[in-house]
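Notes follow the structure.
No value in this document is a laboratory result; all are computed from the given coordinates. What you see is a predicted model; the values in this text were computed from it and never measured. Cβ sites come from the backbone with ideal geometry, for glycine too, and all protein chains shown count toward neighbours.
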Amino acid sequence: MHRLRMIWFAATVGCGLICFGDEAAPVASSVVPLELVGNTYQAADSVNIGNEPSQDALACLNGLIWNPSEFETKCTAADELRGDVTVRFPSPIDTGDPWNDSVAMEWYVARDEQQRPKRAKAVVVVHESGSKMPVGRMFAHGFHHCGFHAFLIHLPHYGKRRENGKKPDDSFFFTAMRQGIADVRRARDAVACLPYVDDSSISLQGTSLGGFVSATAASIDDGYDHVFITLAGGNLLNVIENGTKDAAKVRERLQEAGIDGETLRSLVDQIEPTRVAHRLDPDRTWLYSGTFDSVVPMSSANALATSAKLDPSHHIKLLANHYSGIIYLPAIIDHMRNQIESVK
C-alpha cells in the first residue's frame, strides 16, 4: 500500500498541481518569512452554537463546545519541508498532557510573484489517520500552490503533539477525537488573527479520519466559509464495526482496549456527524466520495449528504476506492479552489 501511495503521489506531482516540499517550490530559505518566527498574536474564540431546536443535536453540541476565551497564537520555526512556520495555540480541551494540549499547525505561507508573503484566503487542512500525514500534506501543498495560505493542523497525539514520538493508548481514541473536533474549530480563530491572512475567507478541508473530524467541527457553527469533506461521511459506528482496512485496524485496536458493544456505541454517539450535520450550510459544503470505498462505504457518505441536505452537485462521487481516489487529487483541489475563489 505504501508503494502504491508513492506512485500516486508521484503522479500528482507530475501533474504540476502539487508541490513536494520546499525543494519543488521556487522558495529559498532567504525568503522564508522569518519576521513571523517568535511573534505572538492575540486571538479569541468566536464559537457560537446559536439556536438549536433539536434536543439531540443540542446535547451533542454541549458535549463538544467549551467556554469561549482569549488565547495566544505563537509562530515558531518550522521543521525542514514542513511549511514556513509552525503555529502553536492551546487546545480548548485540557487532557492533562501539556505536550498534546499544545496544538501545532504547519503554515505554508502564500506568496506573490516576488516570493514575498501576501494577503490571501486561507484553508485549514485536517489530515488522515497515517502518522506521517502524507495526504494531508498533499492537500496543504496543493492549496499553497493555488495561492492560498494553507495550515495543516496536527490532530491530538500526532506529529508535534507526540512526546518523543510515542503513540497514545488506544483507550484515548474518542477523547482524542473530541479534542480534535474542538481544536479544528478553534483553529479557525487562531488562523484569523495571523498577519497576511484574509480572515473573510477561511475554509476547512479534511480527509478520511480528518473528514469525520471536519464534518462534526464544521457543524458546531458557521465559523468556516467553505467546508470540503473527502472520503468520510456519517454513521461512524457502522464504519468502525464493518469497514475494511484502516477501519478494521481501528476496530481491532479498540477491541484490544476493551472498547466494544454499548461502550463503543456510547462513545461514537458523542462525535457522530449526522447528529449535527443539518447545521452545515449546504451551499458551502462539498463531499467527495469513492464509489468503491470499503473503508468508508457509500452508505456512510450518503448518510452525511442526506443529513446535510446536500444537492447532488455538492456530493462528488469518484470512480475509486479509499486509496485509489488519490489519482483525482489535482482535479479535486482545482474544484475546491474554484469554490473558494467564487463570489456568492
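Filter segment 31-54 down to the residues that are among the acidic types (Asp, Glu) and either surrounded by 13 or more Cβ atoms within 10 Å (Cβ to Cβ) or closer than 22 Å to Val103 by Cβ (or both) and list them by number.
Asp45, Glu52
Determine whether Ala57 is crowded, with 20+ Cβ neighbours inside 10 Å, over 30 Å from Lys167 (Cα atoms) and out of contact with any Asp or Glu (no Cβ under 8 Å at 6 or more places or on another chain). Walk me through it before giving the result.
Values: crowded, with 20+ Cβ neighbours inside 10 Å: no; over 30 Å from Lys167 (Cα atoms): yes; out of contact with any Asp or Glu (no Cβ under 8 Å at 6 or more places or on another chain): yes.
Criteria not met by Ala57.
Looking at segment 269-277, can you tell me whether even one residue there is crowded, with 21+ Cβ neighbours inside 10 Å, more than 19 Å from Ser129 (Cα to Cα) and more than 18 Å from the chain's Cα centre (by Cα)?
Looking through segment 269-277, at least one residue is crowded, with 21+ Cβ neighbours inside 10 Å, more than 19 Å from Ser129 (Cα to Cα) and more than 18 Å from the chain's Cα centre (by Cα).
Of these, Ser91, Ser129, which one is polar (S, T, N, Q), surrounded by fewer than 20 Cβ atoms within 10 Å (Cβ to Cβ), under 26 Å from Gly211 (Cβ atoms) and in contact (Cβ under 8 Å) with a residue 60 or more places away in the chain? Working first, answer last.
Working: Ser91 fails: surrounded by fewer than 20 Cβ atoms within 10 Å (Cβ to Cβ).
After applying the criteria, what remains is Ser129.
If I go through segment 209-226 residue by residue, how many of them are surrounded by fewer than 24 Cβ atoms within 10 Å (Cβ to Cβ) and touching a Phe, Trp or Tyr at 6+ places or on another chain (Cβ under 9 Å)?
1
Buried (at least 18 other Cβ atoms within 10 Å of the Cβ), more than 22 Å from Leu267 (Cα to Cα), touching a residue at least 12 places away in the same chain (Cβ under 8 Å) and charged (D, E, K, R): is that true of Arg188 in this structure?
yes
So, in segment 149-176, exactly how many residues are within 20 Å of Phe89 (Cβ to Cβ) and either free of Cβ contacts under 8 Å to residues at least 40 places away in the same chain or out of contact with any helix residue (DSSP H, G or I) (no Cβ under 7 Å at 6 or more places or on another chain) (or both)?
Total satisfying the criteria: 9.
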